[in-house]
Amino acid sequence: MSVFNIEDYPHRRYNPLTGDWVLVSPHRAKRPWQGQVEKSVTEEKPPYDPGCYLCPGNERAGGKVNPDYKDTFVFTNDFSALLSDTPHGGIDEGELFKAESERGICKVICFSENHSLTIPEMPVPDIRKVVDLWCDEFRELSEKDFINYVQVFENKGAIMGCSNPHPHGQIWSSSSIPVEPAKECKTQKAYFEKHGRTLLSDYLKAELEKEVRILAQNESFVALVPFWAVWPFETMVVSKRAVQNILALTDEERTGLAGIYKQLTIMYDNLFEVSFPYSAGLHQAPTDGGSHPEWHLHIHFYPPLLRSATVKKFMVGYEMLAMPQRDITAEGAAKRLRELPEIHFKQTR
Ligand code: H2U
Ligand code: ZN
């Protein structure tokens, strides 16, 4: 047998943020593809849709009417998964049956009054208004006694179960720290206690030296494909400064966040010349009153597409029963994304 190298041989990669592993099978990326590859169709949407529950002036479920807003608009989710007045309680029948009541607040955020836009098509100053709204909401929610974690996220595209193309995101905030951020709390704390630096500042420094997985950067943020990516074009945006949450960002850094979000999502749209679906969300320190010097603000992007505008990766079989697996390497994905034009494909037509 010849000597192992990471480009050609199956291996597993460690995710230091979660403690999970991913199986990488680079040799399989070379196999022929016989499935379908459909051409993307970009249907143009109107800037106002009378049937959209997020457009200004329209009625939502339950009869509430949206104001005639401009730019951003936030409201409490009409079908909130978490409620602020859930009574305290639970089930504790020993080791096998446990349940705990959970309190929280869920919000919906419209990014623009314009139904036809998405973030990569919005001007940076308008995306900055979204960042400012995230900050305002994060501050307000974090100040509540019973809110210990705030999850800001965006579900984009029908393939992700997104119910409406109007540009929007959500915030779910809760009393307990949810599963994924809880893993990152543990790993970042252990790393910080050992080294006195955040895990992601050391990781970012190493990635900036290696360059192979870097996609874009500005003064304040870096976009990269993490070494341990699971989804074919999974990426992360990491702040250059080790800040615990978005409230610690300077004015310039807030604009930097808006800028990198646009840059990255343009790459995504340009990859298959389609409005690229994904779930993305900010990971920030818990809002439980602790100072959390170990926490380092970052954003995960989990897009499902694999081969074309319609062929997505399925997390099935071995992945449901054993562990996640990928064929195209993180480095290969980074190279493809990095080499795309910087201008949105719609502007070149
Ligand atoms: P998606 O981003 O996954 O499409 O979710 C949109 C949210 O909007 C969803 O959580 C809420 C749903 O509960 N919603 C309202 O709050 N009011 C409505 O009139 C329809 C949808
Ligand atoms: Zn709309």
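The values are calculated or read from the model by the stated rules, or taken from the named source; none is laboratory data. In this text, all values refer to a predicted model and were calculated from it rather than measured experimentally. Backbone-built Cβ (ideal geometry, glycine too); neighbour counts: all protein chains shown. Just the protein is used for accessible areas: all its heavy atoms, side chains included, with ligands, DNA and RNA removed. Shrake-Rupley method; radii C 1.70, N 1.55, O 1.52, S 1.80 Å.
Tabulated data for the structure shown
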item	result
Compactness index (Cα Rg / 2.2 N^0.38 Å), the chain	1.02
Efficiency of FRET from Cβ geometry, Asp202 and Phe97, R₀ 41 Å, rounded to 0.05	0.50
For peptides 173-183, 69-79, 147-157, sequence by mean Cβ density within 10 Å, most packed first	147-157, 173-183, 69-79
Calculated on alpha-carbon atoms, Rg and Dmax of segment 259-310 in Å	15.1, 45
Solution diffusion estimate, µm²/s, Stokes-Einstein, segment 201-250, Kirkwood Rh from C-alpha pairs, 10 °C, viscosity 1.306 mPa s	138 µm²/s
Cα-based Kirkwood hydrodynamic radius, segment 197-313, one decimal, Å	14.9 Å
Equivalent ellipsoid semi-axes - Cα gyration tensor, segment 49-88, angstrom	25, 11, 7
Heavy-atom accessible surface of the chain: percent carbon and sulfur, 1.4 Å	55 percent
Centre separation in Å (Cα based) which lies between segment 265-298 and segment 100-166	11 Å
Over 30 Å between alpha carbons, listed pairs Lys30/Lys205; Lys144/Lys186; Lys64/Lys186; Lys98/Lys189	Lys30/Lys205; Lys64/Lys186
Helix-only mean residue ellipticity at 222 nm for the chain, each DSSP H run of n ≥ 4 adding -39500 (n - 2.57), per residue, nearest 500	-7500 deg cm²/dmol
Residues listed by number, segment 217-231, amide nitrogen under 13 Å from Glu252 label point at 7 Å toward C-beta	218-221
Fraction of alpha-carbon pairs over 18 Å apart in segment 108-212 - percent	65 percent
Surface accessible to a 1.4 Å probe, per residue, for the residues of segment 47-342, Å²	45 Å²
Under 12 Å from the Lys144 label point (7 Å along Cα→beta-carbon), backbone N, segment 86-117	86, 103-108
